[in-house]
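The block underneath contains the structure these notes are about, expressed in structure tokens.
The values are calculated or read from the model by the stated rules, or taken from the named source; none is laboratory data. Only a predicted model underlies this, so the values are computations on that prediction, with no experimental measurement involved. We place every Cβ from the backbone using ideal geometry, glycine too, and count neighbours over all the protein chains shown. The accessibility values were calculated without ligands, DNA or RNA, using every heavy atom of the protein model including side chains. Shrake-Rupley method; radii C 1.70, N 1.55, O 1.52, S 1.80 Å.
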Amino acid sequence: MGQQSMNANEDDNTKMKLFMNGQGIEVSVEAENLNMLIALQHYLTPEQRQQSFAVALNGDFVGKADYQQTLVNQGDSIDVLFPIQGG
Amino acid sequence: MTLNTTLNIYGQQVDSRLLIGSALYPSPEIMKQAVLASGSKIITLSLKRQNPAEQAGAKIWQYIQELVKETNGFLLPNTAGCKTAKEAVTLAKMSREIFQTDWIKLEVIGDDYNLQPDPIELLQATETLLADGFKVLPYCTDDLVICQRLYDLGCQVIMPWASPIGTGKGLMNPYNLETIRLRLPEATLILDAGIGKPSDACLAMEMGFDGVLLNSAIALADNPVMMAKAFAQAIIAGEQGFVAGMMQQRQTAHPSTPTLDTPFWHQQG
């Protein structure tokens, strides 16, 4: 779960449910203010934020330069991918 | 004829014809030693989800970065795990941002049983990525028409399989591969997947393939470092054999040793 995830509360519109790497988490941020940068800060550890990673929102690539201006909405799926070995 | 020891990847000359995967080794250190022993300059890698608790990927990435620097080599990210053109295009864009390369080994899998590429999705993804400036290295079956379509779209490199990924079955259909070589003489052809032993790689090079991409055959060997050297030598031997020009097969025997004046020669008449 995300570091700042909270208990589910359907009526509390200050919490938003997101799917980060397929895992449901809730973040305690005003919906209209939640952008990709904030969502990633909720999900990633400080160490991971320093590593190489790339992001997709609902299956579409989001470049690093666009994190700030990319709004994230209730129920969105975010993939955060890191380098691994491959063939 | 002269031996051209460089591999042409969209105009980039690479001085090894072996492309090597970075997965499945007993340890990152053995992976590093095997890559160095192979002489390969192109290392494949991938992207995956990583939950906050996981940290293993960071070390592997560090090893691969060191290897690329040490070998003055190149990264070739793949789109492993993708089943649609859309997934593959997204993953390619993510790879380009992380790895700072427009090379992409394009994999779009159509069947979970044999990991056979989906030709329809592959063509769609190829067209989109080429238009977006990628240098696409498509992994495909040994189907001449699919290879021809990929080439017509603008792929300068095409990578038909020898056999399904990880099987080690070698060249399932040499006729198909020879035909692709014959019909696409200008394409850089790299045999990708299914290689099991050094002689498989040698055979591909004897057919006139430009390179071989493999992973399991080295990584799963009892001694991956020695096997990496064996593959490097096999590829050079096969290439030299092709360039040297092989003799034609003959139906009847012809003595190698001159028969005139051999001991106990029975002269007629």
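Side notes on the structure shown:
- For peptide A:45-58, the mean count of partner chain Cβ atoms within 10 Å of a residue's Cβ comes to 4.
- Angle in degrees between helix B:56-71 and the longest Cα principal axis of chain B, rounded to the nearest 10: 50 degrees
- Candidates B:PRO255, B:PRO164, B:PRO185: whichever shows maximal mean-square fluctuation once chain B is modelled as a Gaussian network with Cα springs under 10 Å: B:PRO255
- The mean count of C-beta atoms from other chains within 10 Å of the C-beta of residues in B:41-53, rounded to a whole number, is 6.
- Helix B:85-99 axis, angle to chain B major axis (alpha carbon atoms, nearest 10°): 90 degrees
- In region B:1-82, the portion of solvent-accessible area held by carbon and sulfur atoms comes to 50 percent [1.4 Å probe, whole percent, DNA, RNA and ligands not counted].
- Estimated purely from DSSP H runs of n ≥ 4, each contributing -39500 (n - 2.57), the mean residue ellipticity at 222 nm for the protein assembly as shown is -10500 deg cm²/dmol once divided by its residues.
- A P(r) calculated from all alpha carbon pairs of the protein assembly as shown, with 20 Å bins opening at zero, reads 28, 48, 18, 4, 1, 0 percent.
- Where chymotrypsin sites (Phe, Trp or Tyr not before Pro) fall in DSSP loop in region B:29-117, at most 15 other Cβ within 10 Å: B:TYR113
- Beta-bridge orientation, the protein assembly as shown: approximately 50 percent antiparallel, per DSSP, counting only bridges with both partners inside.
- Rule-of-thumb Rg ratio for region B:72-178 [Cα; 2.2 N^0.38 Å; N residues]: 1.03
- A straight Cα-to-Cα reach below 23 Å connects B:LYS135 with the lysines A:LYS64, B:LYS41, B:LYS48, B:LYS69, B:LYS83, B:LYS86, B:LYS93, B:LYS105, residues fewer than 8 places away in its own chain not being considered.
- Candidates A:LEU57, B:SER16, A:ASN21 compared by Cα position along the dipole of the protein assembly as shown: farthest toward the positive end lies B:SER16, with charges placed on Cβ.
- In degrees, nearest ten, helix B:224-244 long axis to first principal axis of chain B (Cα): 50 degrees
- Cβ neighbours within 10 Å from other chains - mean over B:77-89: 1
- Look at the dipole of chain B built from charges on Cβ: of B:CYS82, B:ALA201, B:SER95, the Cα furthest out on the positive end belongs to B:SER95.
- Packing-based order for B:194-200, A:75-81, B:135-141, using average beta carbon neighbours within 10 Å, highest first: B:135-141, B:194-200, A:75-81
- Accessible area in square angstrom per residue, chain B, 1.4 angstrom probe: 49 Å²
- Kirkwood hydrodynamic radius computed over chain B comes to 19.6 Å, based on all pairs of distinct alpha carbons.
- Rounded to the nearest 20, the Cβ-based charge dipole of region B:164-215 about its Cα centre (Lys and Arg +1, Asp and Glu -1) stands at 160 debye.
- By DSSP, the beta bridges lying fully in chain B are antiparallel in about 15 percent of cases.
- Debye, to nearest 20: dipole size of region B:25-160, +1 on Lys, Arg Cβ, -1 on Asp, Glu Cβ: 440 debye
- Sparsely packed trypsin sites (Lys or Arg not before Pro) within region B:1-41, loop by DSSP, other Cβ within 10 Å at most 16: none
- Spin-label proximity, A:SER28 to region A:42-63 - amide N less than 18 Å from point 7 Å beyond Cα toward beta carbon: A:42-44
- Euclidean distance of C-alpha centroids, region B:135-161 and region B:72-86, integer Å: 15 Å
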